[in-house]
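The values are calculated or read from the model by the stated rules, or taken from the named source; none is laboratory data. Remember, it's a predicted structure, so these values are computed and weren't measured experimentally. Note: ideal-geometry Cβ built from the backbone for every residue, glycine included; neighbour counts use all protein chains shown. The accessibility values were calculated without ligands, DNA or RNA, using every heavy atom of the protein model including side chains. Shrake-Rupley method; radii C 1.70, N 1.55, O 1.52, S 1.80 Å.
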Amino acid sequence: MGQEIPSSRFTDQDFAEFSHRLEAETRLLAQWFNEDVFGSCKTLAGLELEACLLTRSGDPAPQNQTFMEGFEDPLVVPELATFNLELNSQVRPLEGDVFSRMARELAALWGRCGSRARELDLQMAMIGILPTLQQSALSLANMSPLNRYRALNEQIFRLRNGSPIRLDIEGCEALHLVHEDVMLESAATSFQLHLQVDAPQAAAIYNLSKIVSAPMVAVSANSPYLFGRDLWDETRIPLFEQAISVGASDLTKRVSFGIRYVYESLMENFTANLLRYPVLLPLLMDEPVERLSHLRLHNGTIWRWNRPLIGFDTAGKPHLRIEHRVVPAGPSIADSVANAALYFGLVIGLLEREEKPVESLKFSRARNNFYAAARLGLDAEVSWFEQERVPLDQLLTQQLLPIARAGLARLGVDAQEIDHWLGIIGQRVVARQTGAVWQRAWVARHGHDFQGLVQDYLMHQESGRAVHDWPV
């Protein structure tokens, strides 16, 4: 979905030809899996951070086009809403002082973006859902002027037969509303983690990514408020799932945790893409079948919380990546990089430790864990392998942090790096202060002054301190 398209209008012939090419590319990909074309590679990682442009008073500022006119950096691109941007990192091997290098790169890019924002009398925020955001700001007037976004809106509502989006979230409070376009999606901003893996391990790491989604979303939660209502610790999860709702069941939902683990390979996801998901954007590309251009575009319109990706290196050799999408943006660069360290360490650590994790933890339990953790954060209790019910904060401190440490050590990450970045997670859990907890504590003390909340949040964010160390 990152690529621009020449038009938002499509014909029946476009859909038919796209489907034909998608079938051919899916057959070719299956052949590659059977012939082990992907081979082995170093374990590589990358990051995507979605951010908000704000006015000085802390409201969304729909000016990403003006921002981009004076900012030339291929690592920064406009997002769906004109008040959102996406910042990308370089891809790095998971070894040595990788997380410190990630933090320095992200801080430097964030600093350049902040300087550009200040030239426009604006400011930048990394936060799962902006507390000052109003439903009225989520209109087509604030959609970035890109054909792919207009086409996405048109095709979603074609599949919905024109019926509006219904949002129903029950949390600490309740929110029920209808919306006439896909712009609700842009209320949710994420920190997406990319892991390039060897083909023989890809299925196992993909399944483990689902398993660790519960502790990851709980410990990183940063989205309690939407349109003035206190909902889930990570309200992004139900919001995004409902904002692009076109499926009547889990088999066809475009945003979901999925319906099962994979059994043998990631090819099962791409077969499901072909068989279960209607084409949204039938852009016909003049590319050889070996580029899998139509398969990759179609995959980009299915937003699994853990999404398999096909990429190519500079020599044209294909590789497999897993995109872990459950983590929200923010609260700080330190918190974001610590979240990345935890995820990468956990999936590699569990890969070494658990011989048959999908047999020990049924998929239904992993899925229930995920939604409980998104709703309740560190207060959730989850099922974990041989343990029927365990408090998530206890699970993190007693079991998961040591596993993540072992996983990062296995990758060749420096011991000092491991201590520092996983130490941030440990302190957050001990303090029991995620971004969601801090926001609620601020409101409990100061009241429902969401502009004041955002201003204090930004002050602490720019201090560079991790959220466990933020005063209320």
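Does region 143-164 contain any residue that is under 23 Å from the mean Cα position of the chain (by Cα), open to solvent by 50 Å² or more (accessible area, probe 1.4 Å), at pLDDT below 95 and under 19 Å from residue 302 (Cα atoms)? Yes; the residues of region 143-164 include at least one that is under 23 Å from the mean Cα position of the chain (by Cα), open to solvent by 50 Å² or more (accessible area, probe 1.4 Å), at pLDDT below 95 and under 19 Å from residue 302 (Cα atoms). Residues that are in a loop (DSSP other than H, G, I, E, B), open to solvent by 10 Å² or more (accessible area, probe 1.4 Å) and aromatic (Phe, Trp, Tyr) do not occur anywhere in region 238-253. Across region 78-136, the number of residues qualifying as open to solvent by less than 10 Å² (accessible area, probe 1.4 Å), in contact with a Phe, Trp or Tyr (Cβ under 6 Å, 6 or more places away or on another chain) and part of a helix (DSSP H, G or I) comes to 1.
Against the test of being part of a strand (DSSP E or B) and surrounded by 14 or more Cβ atoms within 10 Å (Cβ to Cβ), the options 25, 48 yield a single qualifying residue, 48. What do you reckon, is residue 213 under 19 Å from residue 374 (Cα atoms), surrounded by fewer than 24 Cβ atoms within 10 Å (Cβ to Cβ) and out of contact with any Pro (no Cβ under 9 Å at 6 or more places or on another chain)? So residue 213 does not fit the description; no. Which of the residues that make up region 168-183 are in contact with a Ser or Thr (Cβ under 9 Å, 6 or more places away or on another chain) and open to solvent by less than 30 Å² (accessible area, probe 1.4 Å)? Of everything in region 168-183, those that are in contact with a Ser or Thr (Cβ under 9 Å, 6 or more places away or on another chain) and open to solvent by less than 30 Å² (accessible area, probe 1.4 Å) turn out to be 169, 171, 175, 181, 183. Within the set 349, 330, the sole residue that is within 23 Å of residue 239 (Cβ to Cβ), open to solvent by less than 10 Å² (accessible area, probe 1.4 Å) and not in a strand (DSSP E or B) turns out to be 330. A Cβ distance below 7 Å, combined with a sequence gap of six or more or placement on separate chains, defines the contacts here; from region 288-317, residues that are within 18 Å of residue 28 (Cβ to Cβ) reach residues that are open to solvent by 10 Å² or more (accessible area, probe 1.4 Å) and small (Gly, Ala, Ser) in the pairs 289/24. The set of residues in region 51-76 being assigned to a loop (DSSP other than H, G, I, E, B), out of contact with any Leu (no Cβ under 7 Å at 6 or more places or on another chain) and free of Cβ contacts under 8 Å to residues at least 60 places away in the same chain consists of 70, 71, 72, 73, 74. Scanning region 333-343 for residues that are in a loop (DSSP other than H, G, I, E, B) and either surrounded by 19 or more Cβ atoms within 10 Å (Cβ to Cβ) or on the phi > 0 side of the Ramachandran plot (or both) turns up nothing.
Given the options 85, 106, name the one that is under 30 Å from residue 139 (Cβ atoms) and among the hydrophobic types (A, V, I, L, M, F, W, C). Checking each option against the conditions leaves just 85.
Only a single item in (1) within 30 Å of residue 448 (Cα to Cα); (2) open to solvent by 10 Å² or more (accessible area, probe 1.4 Å) is not met by residue 196, and it is number (1). Candidates are the residues of region 35-64 that are modelled with pLDDT under 95 and polar (S, T, N, Q); the one that is farthest from the chain's Cα centre (by Cα) is 40. Just a yes or no: is a residue in region 184-191 under 30 Å from residue 278 (Cα atoms), in contact with a helix residue (DSSP H, G or I) (Cβ under 8 Å, 6 or more places away or on another chain), modelled with pLDDT of 95 or more and open to solvent by 40 Å² or more (accessible area, probe 1.4 Å)? Checked against the condition, which is being under 30 Å from residue 278 (Cα atoms), in contact with a helix residue (DSSP H, G or I) (Cβ under 8 Å, 6 or more places away or on another chain), modelled with pLDDT of 95 or more and open to solvent by 40 Å² or more (accessible area, probe 1.4 Å), region 184-191 yields no hits at all.
From the set of residues in region 291-313 that are assigned to a strand (DSSP E or B) and modelled with pLDDT under 95, which is farthest from the chain's Cα centre (by Cα)?
So the residue we want is 312.
When the residues of region 372-391 are filtered to those that are among the acidic types (Asp, Glu) and at pLDDT below 95, the one that is most open to solvent (accessible area, probe 1.4 Å) is 386. Criterion first (among the acidic types (Asp, Glu) and free of Cβ contacts under 8 Å to residues at least 24 places away in the same chain) does residue 79 satisfy it? Criteria not met by residue 79. Residues in region 73-87 include at least one that is among the aromatic types (Phe, Trp, Tyr) and closer than 24 Å to residue 454 by Cα. Can you tell me which residues in region 418-438 are open to solvent by 30 Å² or more (accessible area, probe 1.4 Å) and of a type in the set (A, V, I, L, M)? Answer for region 418-438, where residues must be open to solvent by 30 Å² or more (accessible area, probe 1.4 Å) and of a type in the set (A, V, I, L, M): 430, 431, 437. Output the residue which, of all residues in region 270-290 that are assigned to a helix (DSSP H, G or I) and not hydrophobic (A, V, I, L, M, F, W, C), is surrounded by the fewest Cβ atoms within 10 Å (Cβ to Cβ). It comes out as 290.
In the condition set (1) open to solvent by 10 Å² or more (accessible area, probe 1.4 Å); (2) part of a loop (DSSP other than H, G, I, E, B), residue 201 is compliant with all but (2). Residue check: residue 226 meets all listed conditions (1) touching a Leu at 6+ places or on another chain (Cβ under 9 Å); (2) open to solvent by 30 Å² or more (accessible area, probe 1.4 Å); (3) farther than 25 Å from residue 310 by Cα but one, namely (2).
Taken over region 440-472, the criterion of being open to solvent by 50 Å² or more (accessible area, probe 1.4 Å) and either on the phi > 0 side of the Ramachandran plot or among the hydrophobic types (A, V, I, L, M, F, W, C) (or both) is satisfied by 444, 459, 472.
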